[in-house]
Amino acid sequence: MAGHHMKKDEDFGEWYNDIVERANLSDKRYPIKGMNVWTPYGWRIMRQIDQFIREELDATDHDEVCFPLLIPETEFQKEKDHIKGFDAEVFWVTHAGLNELDVRMVMRPTSETAMYPMFALWVRSHTDLPLKTYQLVNTFRYETKMTRPFIRVREIHFFESHTCHVDYDDAERQVDEDFSILENLMDRLCLPYLLLKRTDWDKFPGAYYTVGIDTYMPNGRTLQLGSIHHYRDNFSKPYEIRYENAEGEWEYVHQTTYGMSERLVGAVVGVHGDDKGLVLPPDVAPFQVVIVPILKKEHYDEINKAAADLLSQLKKAGIRAHLDDRDDRPGSKFFDWEIKGVSLRLELGLHDIQNDVVTYARRDTGDKGSFPPTETVTSVTSILASIKADMRARATESMNSGIVIIDSMENIPESIVKFGWCGDEACGHALEERTELNILGTPRNDETFQGRCLVCSRETSTVAYAARTM
RNA sequence: GGGGCCGUGGGGUAGCUUGGUAUCCUUCCAGCUUGGGGUGCUGGUAACUCCAGUUCAAAUCUGGGCGGCCCCA
């Protein structure tokens, strides 16, 4: 063994940092805390995810836009709760050249206040609605806690969709559409998730309500991947986004937003990885298949040719395949691609050629087997499909077994907990103060429950979820 | 806001108490060797966070800056 590496279930935090570095996903040596460089392999994964987001949002009639990074302080301050929520964590541009600016500018922490003054100009009539836009950009938040690649950074790559609707119910239908987009994305990433309506004191600043999207990390903590918000007319009033209805009356639009960030990459790393390295879901793997030729003197040409044939078959079928023709030992290449999480490895040596087979090894389970070269594309396609299905099933099982019902604030397990909650803010705060838990909220999809509030013991039919968060 | 710890090649480290030649592993480059789970050998590139002070001499001692990490509120 070359060097000692961290075990995932012994020290998850160290393991995570180690794996990100060894798989070369990100270079955190850039001299600003929390602003890391996307290296080619990591960026390929992010781009793959971005591509799925574009496909999903385009298919549901959203239009991609791109707004400026800077927001004048005067616009930023229009919605009172919003500015209060972000005041302490934005970067300010205070100078331009040698001049101090009269009106300072905020580097967007999110784009409501950049977009909505423009929406007010774009929306005139009910025929302009719904307005469905999205953008993929970087945002900036001044994190003071310890930063961590993809999970807590100061420059955040994310997508945000912003929609405007004629009324509350139409915005509500948008929220439902967002949930189905979410399911499609999470299926490709093989990630389980919880949809929880955040408490009033934890909702997005300015939102009418917020649904958090949380996944479960192997250290027993949850990681918020994104959120879906219904704003009602909370923003349209201060920004004056109005339309003329069919009767000729002016009405304020109802708005929604939906955002998820590069934390998706962090979740893929954390949820699926193992002690050997990354395990990438086939849909996001930069290489789904790697071919490692097992060379032997006197047979170089024969083996290389067979490997090249294999590669071109796979590429023609649209499978992201890579031939590792580096002048290195096979064993060393195996370790390399395991760190990088490539879903399926194909080995091709003299033995295989003589027996007319291709040997494969699954990254997720380590299972090995073989298939005839004439059936390469169908075999690979079906193995990749079962890797995807198995990865999601395992991750879902792991999260579900990490959800525990509690009826006492003593001996709280390192997992997600469910408990009765009377709904009072005071009881919620009491719980958060007396434990290390954060209340994640109540289920978006109703769950039947009958019990007592964990704090005040009053009878309640409301169940709440809480966990330690990443 | 309060306290503590730490900055040595690309990455990880030894050396610091007691000042003098900077260690080892890995990566990278060249060559040969090898090839079904990290081949072996030879050679090479590459570092003391910055500024000031003490000293014949500072990675090492003193002060300050910058940067990082941890704990507590």
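Data for the structure
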read-out: Hits in segment A:13-29 - residues which are closer than 21 Å to A:K333 by Cα, touching a residue at least 40 places away in the same chain (Cβ under 8 Å) and charged (D, E, K, R); value: A:R22
read-out: Given (1) surrounded by fewer than 21 Cβ atoms within 10 Å (Cβ to Cβ); (2) under 16 Å from A:V65 (Cα atoms); (3) in contact with a Pro (Cβ under 7 Å, 6 or more places away or on another chain); (4) not β-branched (V, I, T), number of the condition A:R141 does not satisfy; value: (2)
read-out: Any hit, segment A:376-386, residues being under 24 Å from A:T462 (Cα atoms) and hydrophobic (A, V, I, L, M, F, W, C); value: no
read-out: When residues of segment A:147-179 are limited to those that are among the aliphatic types (A, V, I, L, M) and out of contact with any Ser or Thr (no Cβ under 8 Å at 6 or more places or on another chain), the one surrounded by the most Cβ atoms within 10 Å (Cβ to Cβ); value: A:I151
read-out: Where A:Q288 falls short, out of the listed (1) crowded, with 19+ Cβ neighbours inside 10 Å; (2) away from RNA strand B (no atom under 11 Å from the Cβ); (3) within 22 Å of A:L189 (Cα to Cα); (4) free of Cβ contacts under 8 Å to residues at least 60 places away in the same chain; value: (4)
read-out: Scan of segment A:115-155 for residues that are under 15 Å from A:K237 (Cα atoms), touching a strand residue (DSSP E or B) at 6+ places or on another chain (Cβ under 7 Å) and among the aliphatic types (A, V, I, L, M), ordered by number; value: A:M115, A:V123
read-out: Tabulated pairs, segment A:421-439, first under 18 Å from A:R452 (Cβ atoms), second at pLDDT 95 or above and among the basic types (K, R), C-beta under 8 angstrom, 6+ apart or interchain; value: A:C422/A:R458
read-out: Qualifying residue in segment A:305-314 (condition: more than 16 Å from RNA strand B (Cβ to nearest atom), at positive phi, of a type outside the set (F, W, Y) and surrounded by fewer than 18 Cβ atoms within 10 Å (Cβ to Cβ)); value: no
read-out: Qualifying residue in segment A:44-56 (condition: away from RNA strand B (no atom under 16 Å from the Cβ), farther than 26 Å from A:M217 by Cα and touching a residue at least 60 places away in the same chain (Cβ under 8 Å)); value: yes
read-out: Residue count, segment A:205-250 (criterion: assigned to a loop (DSSP other than H, G, I, E, B) and within 17 Å of the chain's Cα centre (by Cα)); value: 3
read-out: Per-region count, segment A:343-364, residues under 26 Å from A:V269 (Cβ atoms) and more than 11 Å from RNA strand B (Cβ to nearest atom); value: 3
read-out: A:Y231 vs. criteria surrounded by 23 or more Cβ atoms within 10 Å (Cβ to Cβ), aromatic (F, W, Y) and within 21 Å of A:K132 (Cα to Cα); value: yes
read-out: So A:I383, is it surrounded by 16 or more Cβ atoms within 10 Å (Cβ to Cβ), of a type in the set (A, V, I, L, M) and in contact with a Lys or Arg (Cβ under 9 Å, 6 or more places away or on another chain); value: yes
read-out: Qualifying residues in segment A:369-393 (those that are part of a strand (DSSP E or B) and over 30 Å from A:P192 (Cα atoms)) - the one farthest from RNA strand B (Cβ to nearest atom); value: A:F371
read-out: Among residues of segment A:426-470, those that are within 23 Å of the chain's Cα centre (by Cα) and either among the aromatic types (F, W, Y) or part of a loop (DSSP other than H, G, I, E, B) (or both), counted; value: 6
read-out: Cβ pairs under 9 Å, 6+ apart, first in segment A:245-258 and charged (D, E, K, R), second part of a strand (DSSP E or B); value: A:E251/A:R242; A:E251/A:Y243; A:E251/A:E244
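Every residue, every condition in (1) hydroxyl-bearing (S, T, Y); (2) within 30 Å of A:Y116 (Cα to Cα); (3) more than 13 Å from RNA strand B (Cβ to nearest atom), yes or no:
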position	(1), (2), (3)
A:Q255	no, yes, yes
A:V269	no, no, yes
A:K276	no, no, no
A:D327	no, no, no
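For (1) exposed (fewer than 12 other Cβ atoms within 10 Å of the Cβ); (2) within 30 Å of A:E244 (Cβ to Cβ); (3) more than 21 Å from the chain's Cα centre (by Cα), each residue gets a yes or a no:
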{"site": "A:G42", "(1), (2), (3)": "no, no, no"}
{"site": "A:E64", "(1), (2), (3)": "no, yes, no"}
{"site": "A:E79", "(1), (2), (3)": "no, yes, yes"}
{"site": "A:A88", "(1), (2), (3)": "yes, no, yes"}
{"site": "A:N99", "(1), (2), (3)": "yes, no, yes"}
{"site": "A:D102", "(1), (2), (3)": "yes, no, yes"}
{"site": "A:V106", "(1), (2), (3)": "no, no, yes"}
{"site": "A:T113", "(1), (2), (3)": "no, yes, yes"}
{"site": "A:F119", "(1), (2), (3)": "no, yes, yes"}
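The values are calculated or read from the model by the stated rules, or taken from the named source; none is laboratory data. Because the structure is a prediction, the values reported are computed rather than measured. Virtual Cβ from ideal backbone geometry, glycine too; neighbours counted across all protein chains shown.
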